[in-house]
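Structure record follows, encoded as structure tokens.
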Amino acid sequence: MSNFTPKEIVSELDKYIIGQGKAKRAVAVALRNRWRRQQIPKELRDEVAPKNIIMIGPTGVGKTEIARRLSRLAQAPFIKVEASKFTEVGYVGRDVESIIRELTDIAVGMIKAEEAEKVKDKAREIAEERVLDILLPPRPVTGTEPSPEESHKATREKLRTLLLEGKLDDRFVEVEVKESGPVVGVLSAPGMEDIESNLKDMFSNLFPQKTKKAMVKVPEALELLAKEEAGRLVDMERVTKTAVERVEQSGIVFLDEIDKIAGREKGSGPDVSREGVQRDLLPIVEGSTVNTKYGMVKTDHILFIAAGAFHVSKPSDLIPELQGRFPIRVELDSLTKEDFIKILTEPRNALIKQYKALLETEGVVLDFKEDAIAEIAEIATLVNERTENIGARRLYTIMEKFLEEISFEAPDIKGQTIPISGQYVRGKLSNIIKNEDLSRYIL
Ligand SMILES: Nc1ncnc2c1ncn2[C@@H]1O[C@H](COP(=O)(O)OP(=O)(O)OP(=O)(O)O)[C@@H](O)[C@H]1O
Ligand SMILES: [Mg+2]
């Protein structure tokens with residue numbers, strides 16, 4: 001489990017997300033609390049309930065982005081789901097318990113990978129032996145002839161040297177690879193995923209897995225066989241046991257779009273179902289036991305981080321029991337022009353860096369001048385104010401629009417450096433900005 005300090009977590013998040021200090025601190029403390037809880041004596045540990053968080057903020061200011069980045073840091077089973085995707089139990093659709101089942105699947109995958117990493121060397125050794133067996137099949141024992149055993153062994157060792165030196169990398173060998181099981185496509189209706197995957201498991205147990213022969217080059221054969229051997233060496237029973245433990249002790253569920261299920265008005269239509277989803281969520285957030293294909297999973301200590309724009313609804317529109325389960329509320333700020341300038345340039349994955357890299361593949365160098373960046377930020381702020389505030393997402397539409405021509409022409413202007421000035425940006429966009437209706441459609 002990650003032992004990042006809150007400060008370290010915030011500074012990791014800082015590499016990708018501009019501002020939103022309060023939200024970063026809240027998630028950092030929550031994550032650190034998981035680690036702290038692990039350090040205290042068992043009796044007390046069971047008493048410490050996770051402090052679930054709701055992140056509230058307008059659209060496009062970094063809520064989901066914080067969750068995405070946090071998941072990389074957490075090194076814990078982590079799942080991000082859209083609350084609006086679920087339907088009440090009894091209705092067609094995905095029920096909320098599937099969140100925990102999926103989280104457990106994720107944990108199993110994680111632990112399997114960890115365990116496979118531990119047996120990697122051993123699996124590779126066995127794979128090498130198997131490739132050698134293919135290249136030089138063991139001699140059938142006849143018993144009568146004077147043993148040519150010695151020379152056979154020597155040949156094998158020679159081959160081994162060649163193999164390790166990569167001298168056989170261009171040779172083809174025939175290996176048996178598992179065929180992916182029959183695809184049961186009939187049940188691919190929404191909400192049936194679980195049943196389908198259970199069925200697949202059932203079938204794969206019923207019918208021995210088919211294999212097919214394939215000619216592949218030696219390095220690929222080694223990889224395929226090593227993977228197969230690793231699968232054999234890993235103790236799946238231990239994997240699932242550890243995975244369930246890991247989910248229970250350090251699992252994190254990110255419930256995005258929670259505002260979409262807020263609402264308590266009685267009546268017909270979607271509202272009934274919304275409140276139903278909240279009611280269904282309650283036991284999971286409160287702590288209950290969910291039956292998964294890896295066994296029972298207790299949800300008492302899973303951390304829930306919810307996020308929503310809460311444009312129409314408010315956190316107080318959630319049913320009271322659920323509100324009480326999310327004691328920490330953090331608000332994210334609207335983004336200013338200064339934030340936009342930073343978002344364009346500072347993050348590791350900043351937009352300007354992305355566009356430069358994309359066009360560099362065509363041999364075109366984009367030379368952004370400082371006043372161009374300021375102009376983009378200015379226009380984004382303006383359009384957000386005049387039409388609808390979609391936060392940093394506005395930067396995407398603007399960039400895309402004024403770079404359209406260059407993007408299209410790029411292969412023909414190979415080798416050129418294109419200076420992008422504020423004036424260039426303005427020139428490309430001024431007609432659209434002047435006309436409010438036009439900007440609604442285009443930017
Ligand atoms: N503070 C920020 N720093 C850096 N990039 C940001 C920031 N806010 C938003 N972005 C960028 O804008 C895009 C949209 O942000 P994000 O998905 O986090 O929005 P959101 O707050 O979850 O909105 P919604 O309520 O609509 O889901 C992201 O791709 C992200 O790169
Ligand atoms: Mg979002």
With an 8 Å Cα cut-off and a minimum separation of 6 or more residues, compute the relative contact order for the chain in percent. 24
Using the Karplus equation 6.51 cos²θ - 1.76 cosθ + 1.60 (θ = phi - 60°), what ³J(HN,Hα) coupling, rounded to whole Hz, does each residue of segment 276-282 give in order, writing x for Gly and Pro? x, 5, 4, 4, 5, 5, 3
Toward the positive end of the charge dipole of the chain, about the Cα centre and with charges on Cβ (Lys, Arg +1; Asp, Glu -1), which of VAL10, ILE111, LEU135 goes farthest? VAL10
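Classify the chain as rounded, prolate or oblate from the Cα gyration tensor: take a ≥ b ≥ c as the square roots of its eigenvalues, call it rounded if a/c is under 1.5, otherwise prolate when a/b beats b/c and oblate if not.
Values: a/c = 2.23, a/b = 1.36, b/c = 1.64.
Oblate, since a/c reaches 1.5 and b/c is not below a/b.
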For segment 337-431, what's the relative contact order in percent, using C-alpha pairs closer than 8 Å and at least 6 residues apart? 40
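So for the chain: antiparallel DSSP bridges make up what percent, rounded to the nearest 5?
Numbers: 11 of 33 bridges.
If we restrict to bridges inside the chain, about 35 percent are antiparallel.
Under a point-charge model restricted to the Cβ atoms of Lys and Arg (+1) and Asp and Glu (-1), what is the dipole moment magnitude of segment 337-431 relative to its Cα centre, in debye to the nearest 20?
Working: 13 positive and 17 negative charges, 36 e Å.
Computed charge dipole of segment 337-431: roughly 180 debye.
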Helix 149-164: angle to the longest alpha-carbon principal axis of the chain, degrees 0 to 90, nearest 10? 20
Per the helix-only model, the chain has a calculated mean residue ellipticity at 222 nm (DSSP H runs of ≥4, -39500 (n - 2.57) each, divided over all residues, rounded to the nearest 500) of -17000 deg cm²/dmol
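Just so you know, all these numbers are worked out from the coordinates, no wet-lab data involved. Everything quoted here is computed from the prediction, not taken from an experiment. Reconstructed Cβ throughout: ideal geometry from the backbone, glycine too, with neighbour counts over all protein chains shown.
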